[in-house]
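Derivation of every value follows stated rules applied to the coordinates shown; laboratory data play no part. Here the structure is a predicted model, which means the values were calculated and not measured. So basically every Cβ, Gly included, is an ideal-geometry build from the backbone, and we count neighbours across all protein chains shown.
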Amino acid sequence: MRYEIGMSRICYFLAALTTLITGLLSRSLGLDKTHFIVSHVGDILWAAFIYYLVRLIQPKLRSEASALFAAVFCLAIEFQQLYQAEWLLELRSNKILALVLGHSYSTADLLCYTSGIVLALLLDNLCVKG
């Protein structure tokens, strides 16, 4: 049992790291951000990263519960962007915090987050069963 949890943590760490790097590259390669896929792939990958992070921290948690936790977290982050207090704007001016907190609310992001979490969940279940 301990070996299985250790192996799953390694897998989730690698999945999270790969997703994080891919997401950061999608934001920094100078690609045409007006293209729908390019403009939203970072949000999809960010949500998948959050799912893998939840799985890394709590590998015994059921995958569906991890997906729900990741969704609630992502939605909370998106909805907090509706609040534009001065202190929060100052936090968002930091590049690293801006990646986590975002800048402005977008309904399209909600769809991206859902897509990213569902894709990560499906991939997770496929890898675990396969």
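Things worth noting here:
- Debye intensity ratio I(q)/I(0), log10, the chain, q values 0.13 Å⁻¹ (C-alpha model): -0.56
- Dipole of region 2-129 [Lys/Arg +1, Asp/Glu -1 at C-beta], most positive-end residue of S93, F79, C127: C127
- Mean sequence separation of contacting Cα pairs (under 8 Å, at least six apart), scaled by the length of the chain, corresponds to a relative contact order of 29 percent.
- Residue among H103, S66, C11 farthest towards the positive dipole end of region 2-129, charges placed on Cβ: C11
- For the chain, the membrane-span-like helices by this rule, meaning whole DSSP H stretches whose C-alpha atoms cover at least 27 Å of axis and whose Kyte-Doolittle mean is -1.0 or above, are 2-28, 36-57, 107-129; this says nothing about an actual membrane.
- Net lengthening on full extension, S39/Q80 (0.36 nm per residue, minus Cα-Cα): 12.7 nm
- In the elastic network of the chain, a GNM with C-alpha springs shorter than 10 Å, the most mobile of C112, C11, C74 is C11.
- Backbone N under 13 Å from the Y105 label point (7 Å along Cα→Cβ), restricted to region 83-97: 83-85
- Here is how the number arises for the chain: DSSP H runs of 4 or more residues each give -39500 (n - 2.57), the sum is divided by the residue count, and the result at 222 nm is -27000 deg cm²/dmol.
- Under DSSP loop assignment and at most 15 Cβ neighbours within 10 Å, longest trypsin sites (Lys or Arg not before Pro)-free interval of the chain: 63-130
- Dipole in debye (nearest 20) - region 40-130, about Cα centre, beta carbon charges: Lys, Arg +1; Asp, Glu -1: 380 debye
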